[in-house]
Amino acid sequence: MVRLFRYETSDQGTFGYLLFNGVYLHTLELPWRDNRPNASCIPEGKYTVCLRNSPKYGRVFHVQNVPQRSHILLHHGNYAGDRSLGFRTHSAGCILFGTKRGRLNGQLAVLASRIARRKFESAMNGNFELEVINA
């Protein structure tokens, strides 16, 4: 079981951390916006995650059976702010990785995202269960 614990949310994104196989990574998702596609993080819950190939990101993990949502991926990126309020985002509802959090261009972000993604992918060999928990 992989667990994502969310601990802070604002218009600049929802921060959390991912625990798996004794490894800890930072995460960033869009703010909660009532599960609206392309505008919100996904609801708390348990999900099956499968490997797939994405035209944009290559080999990625795909979160399955998210209510009223599709194409929720785990991939690299730095920003997940509310675009309607003028913040940058690299997410349309997906979960971004980072080795740490910080600021880029004055906006809250996760950093060293590609390194974190590689670390996650090397530790995970296939499908897994993801539990998303709001702390």
* Share, in percent, of DSSP beta bridges within the stretch 4-115 that are antiparallel, nearest 5 -> 95 percent
* Asked: For the stretch 86-127, what is the largest minus smallest coordinate of the Cα atoms on each principal axis, given in angstrom and ordered from greatest to least?
  -> 37, 20, 10
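In Å, what Kirkwood hydrodynamic radius results for the stretch 1-127 from the alpha-carbon pair distances?
14.3 Å
Semi-axes of the equivalent ellipsoid for the stretch 53-116, please: Cα gyration tensor eigenvalues, times 5, square-rooted, ordered largest first, whole Å.
Details: eigenvalues 88, 48, 17 Å².
Equivalent ellipsoid semi-axes, largest first: 21, 16, 9 Å.
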* Structure fact -> Listed by chain and number, the residues whose amide H is under 5 Å from that of ILE72, excluding neighbours fewer than 5 places away on the same chain and using placed H, are VAL63
* Hey, what do the phi angles of the stretch 110-117 turn into as Karplus ³J(HN,Hα) couplings, whole Hz, using 6.51/-1.76/1.60 and θ = phi - 60°, x for Gly and Pro? -> 9, 10, 6, 5, 5, 5, 5, 4
* To do: Identify all lysines with a Cα-Cα distance to LYS100 below 17 Å; exclude those on the same chain that are fewer than 8 residues away in sequence.
  => LYS119
* Structure fact -> Long-range amide H partners of LEU30, meaning residues 5 or more apart or on another chain whose placed amide H is closer than 5 Å, are THR14, CYS41, GLY93
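Over the chain, what relative contact order in percent results from Cα pairs under 8 Å that are six or more residues apart? Before the final figure, lay out each step's value.
Working: 351 pairs, mean separation 39.6, N = 135.
Normalised by residue count, the contact order of the chain is 29 percent.
Say a site is exposed when it is one of the trypsin sites (Lys or Arg not before Pro), sits in a DSSP loop, and has at most 15 other Cβ atoms within 10 Å; what is then the longest site-free stretch of the chain? Intermediate results must be reported in sequence, preceding the final value.
Working: sites that count: ARG33, LYS56.
That gives 57-135 as the longest site-free run.
I need to check one value: relative contact order of the stretch 91-135, counting alpha carbon pairs closer than 8 Å and at least 6 residues apart, in percent.
RCO, the stretch 91-135: 28 percent.
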* **Whole-Hz couplings from phi, Karplus 6.51/-1.76/1.60, listed for the stretch 56-72; x for Gly and Pro** => 8, 10, x, 5, 9, 9, 10, 7, 8, 6, 7, x, 6, 9, 8, 6, 8
* Asked: Based solely on its DSSP helices, what 222 nm [θ] is calculated for the chain when runs of n ≥ 4 H residues each add -39,500 (n - 2.57) and the sum is averaged over all residues, nearest 500 deg cm²/dmol?
  -> -2500 deg cm²/dmol
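A short reminder: the numbers here are calculations on the coordinates, not readings from a lab. Note that the structure is a prediction, hence the values are computed from the model and not measured. No Cβ is skipped: glycine too gets one built from the backbone with ideal geometry, and neighbour counts run over all protein chains shown.
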